[in-house]
Amino acid sequence: MKYSYFPGCSMEATGIEYAKSLNYVNRAIGLDFIEIEDWNCCGATAGHTKSHELGIALPLRNLALAEQQLPGLAMAVPCASCYSRMKYALQAAHSEEREKFSRLIDMPVEGSVEIVSIMDIYSVEKTKTAISAAITKRLSNLKIACYYGCLYSRPPKITMAHNIENPQNMDELVRLTGATTVDWAYKTECCGAGHHVDIPQESKPLLYRIYKNARANGANALVTACPMCMLNLDMRQGAVNKAYDENFDLPVYYLSEILAIAMGATFKECGVASHFHPAKKLLQKENETKEVV
Amino acid sequence: MVGKNLSLLPDENKQKIESLVKKAGAKLSDCYQCGKCSAGCPMAESMDLMPRQVLRYLQLGLLQEALSSQAPWICATCQTCSARCPHDVPIAEIMEAIRRQADQMGIRPLRRTYLFSKYFLLPLKLFGRNHELTLTMFYNLTSGKLFQHFTYLPAMLKSRKLKIWPAKVKNRLAVRKIMENCEKEAQNI
């Protein structure tokens with residue numbers, strides 16, 4: 001299966017582990033992501049706070065490029081913020097605003113590209129079967145709280161998501177590895193996104209409540225499919241522990257890292273080695289106790 | 001809101017509010033003040049006005065009060081309010097429209113939030129891509145938080161999560177042109 005690919009800025013920087021592990025999984029199951037040439041930043045999250053026009057035009061240039069370069073392919077967007085902006089742009093391309101935006105980006109655009117997330121792609125029946133077949137380790141000691149965050153679900157008018165309060169597609173994928181997924185209340189609560197930079201005191205409670213609810217429901221790790229959520233949940237866990245005099249110990253993994261590990265990737269190959277919150281120990285325990293199904 | 005004589009509000013407020021709300025694709029009379037938006041808002045505890053109150057101010061014609069509120073700047077655009085509103089009011093879009101309007105008028109009740117957005121867009125204009133180091137440098141220098149995030153720096157550089165040199169789009173001019181076009185367009189409306 002082939003997809004056009006909009007990595008987004010974080011895949012080359014803060015989300016480097018996401019890129020590594022996606023690559024590993026895609027190779028293992030024979031998925032082909034073809035990067036859109038000369039793509040630009042989608043503007044999230046500052047673009048749309050400046051103007052409606054900027055919030056649409058920046059992602060729209062990428063849609064137009066994809067239509068030119070890779071017509072007919074659905075566009076894989078691994079970051080929740082980029083995914084949301086692309087979907088907004090797509091909707092604008094289908095509205096009476098199309099001509100205006102085509103003028104603003106100085107490119108023709110049809111809105112013929114389908115936007116898909118990694119969860120969408122991996123949940124396709126054929127791909128799911130391929131993932132199952134490539135999995136060689138059972139991660140049965142993991143009790144995962146799947147953290148979807150905001151923008152894969154909301155707003156439903158843009159995402160067209162059906163189950164916005166209690167989505168299941170990531171849970172189903174994680175369970176393919178033999179891990180358990182827990183029922184919990186903060187699946188789609190906000191992590192605070194960029195506000196951890198400008199209003200950190202006001203944003204810390206958001207992370208605190210997420211960790212607290214995950215732990216209360218028996219999770220020993222979190223899984224996400226968004227580089228922004230990952231950065232906040234992983235990098236700031238120490239600061240939240242300090243601020244609340246807590247001892248949360250919840251390693252955070254990308255969905256693709258968990259799948260890659262279950263497919264036999266080393267920590268270095270899939271990126272788990274470079275997390276802020278120690279993420280290897282839990283998996284090592286795993287690998288010692290249960291080898292191969 | 002105590003002590004406001006609502007009958008003395010200028011009519012032009014009403015028109016301005018109508019155009020602002022229309023831009024957000026909303027209708028003010030759709031809000032019947034149930035408060036579900038505010039109950040589910042993860043940032044509400046830090047807001048000076050609850051999302052419900054912001055809408056109420058607009059309904060009453062108190063534009064200036066809404067524009068100078070911190071709430072639209074504290075809003076994280078998580079969209080929980082819009083998704084849960086029983087009457088389909090796009091509250092997050094309204095918050096965003098208020099923030100944009102205030103920003104254009106130079107009303108920035110949360111200076112650091114304003115600075116973060118401002119410098120977020122700087123590398124985009126220069127390189128066509130985001131660059132965390134440029135953003136952090138300018139933000140830290142201007143926000144009075146000079147050493148914020150310094151403790152993360154060594155690990156981020158080591159794991160290459162922070163790049164010294166920015167990634168660049170080949171056709172940077174096209175991206176810059178788009179940004180300029182949008183600025184002009186937004187001012188015209």
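The values are calculated or read from the model by the stated rules, or taken from the named source; none is laboratory data. These numbers come from a predicted model, not from an experiment. No Cβ is skipped: glycine too gets one built from the backbone with ideal geometry, and neighbour counts run over all protein chains shown.
Miscellaneous remarks
- Between A:Val197, A:Val174, the distinction of being aliphatic (A, V, I, L, M), in contact with a strand residue (DSSP E or B) (Cβ under 9 Å, 6 or more places away or on another chain) and not assigned by TED's automatic domain parsing to the domain that holds A:Ala13 belongs to A:Val174 only.
- Residues that are within 16 Å of the chain's Cα centre (by Cα) and crowded, with 23+ Cβ neighbours inside 10 Å within region A:27-43 comprise just one, A:Cys42.
- Residue in region B:103-124 that is more than 9 Å from chain A (Cβ to nearest Cβ), at pLDDT 95 or above, touching a Lys or Arg at 6+ places or on another chain (Cβ under 9 Å) and part of a helix (DSSP H, G or I) present: no
- Verdict on B:Ala97 being closer than 27 Å to A:Glu165 by Cα, within 14 Å of another protein chain (Cβ to nearest Cβ), buried (at least 17 other Cβ atoms within 10 Å of the Cβ) and in contact (Cβ under 8 Å) with a residue 60 or more places away in the chain: yes
- Region A:66-88, residues that are within 14 Å of chain B (Cβ to nearest Cβ) and either without any contact (Cβ under 8 Å) to a residue 40 or more places away in the chain or of a type in the set (D, E, K, R) (or both): A:Gln68, A:Arg85, A:Lys87
- Verdict on B:Ala66 being surrounded by 20 or more Cβ atoms within 10 Å (Cβ to Cβ), in contact (Cβ under 8 Å) with a residue 60 or more places away in the chain and closer than 22 Å to B:Gln101 by Cα: no
- Test: residue in region A:44-53 that is crowded, with 21+ Cβ neighbours inside 10 Å and under 27 Å from A:Ile261 (Cβ atoms): no
So that you can scan it fast, the table gives a plain yes or no per residue for (1) modelled with pLDDT of 95 or more; (2) polar (S, T, N, Q); (3) more than 30 Å from B:Asn181 (Cα to Cα):
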residue	(1), (2), (3)
A:Val109	yes, no, no
A:Ser112	yes, yes, no
A:Val124	yes, no, yes
A:Ile131	yes, no, yes
A:Asp171	yes, no, yes
A:Arg175	yes, no, yes
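- Among residues of region A:1-33 being at the interface with another protein chain (Cβ under 9 Å from one of its Cβ atoms) and in a helix (DSSP H, G or I), the one that is farthest from A:Thr177 (Cα to Cα) is A:Cys9.
- Comparison of B:Asp30, B:Asp48 shows that the only residue that is out of contact with any strand residue (DSSP E or B) (no Cβ under 9 Å at 6 or more places or on another chain), more than 14 Å from chain A (Cβ to nearest Cβ) and acidic (Asp, Glu) is B:Asp30.
- Pairing residues of region B:134-146 that are assigned by TED's automatic domain parsing to the domain that holds B:Ile164 with residues that are surrounded by fewer than 18 Cβ atoms within 10 Å (Cβ to Cβ), at Cβ distances under 6 Å and at least 6 apart in sequence or on separate chains, gives B:Asn140/B:Leu146; B:Asn140/B:Gln148.
- Selection status of A:His48, under 23 Å from A:Val197 (Cα atoms) and either at pLDDT below 95 or not aromatic (Phe, Trp, Tyr) (or both): yes
- Flag if A:Ala193 is among the small types (Gly, Ala, Ser) and out of contact with any Gly (no Cβ under 9 Å at 6 or more places or on another chain): no
- Selected residue (criterion: nearest to the other protein chains (Cβ to nearest Cβ)) from residues of region A:34-49 that are part of a loop (DSSP other than H, G, I, E, B) and of a type in the set (Gly, Ala, Ser): A:Ala46
- Being more than 22 Å from A:Ser10 (Cα to Cα), in contact with a strand residue (DSSP E or B) (Cβ under 8 Å, 6 or more places away or on another chain), β-branched (Val, Ile, Thr) and in contact (Cβ under 8 Å) with a residue 60 or more places away in the chain is not true of A:Ile258.
- When B:Thr113 is tested against (1) surrounded by fewer than 21 Cβ atoms within 10 Å (Cβ to Cβ); (2) touching a His at 6+ places or on another chain (Cβ under 8 Å); (3) not hydrophobic (A, V, I, L, M, F, W, C), exactly one condition is not met: (1).
- Residue in region A:73-90 that is over 18 Å from A:Gly8 (Cβ atoms) and not hydrophobic (A, V, I, L, M, F, W, C) present: no
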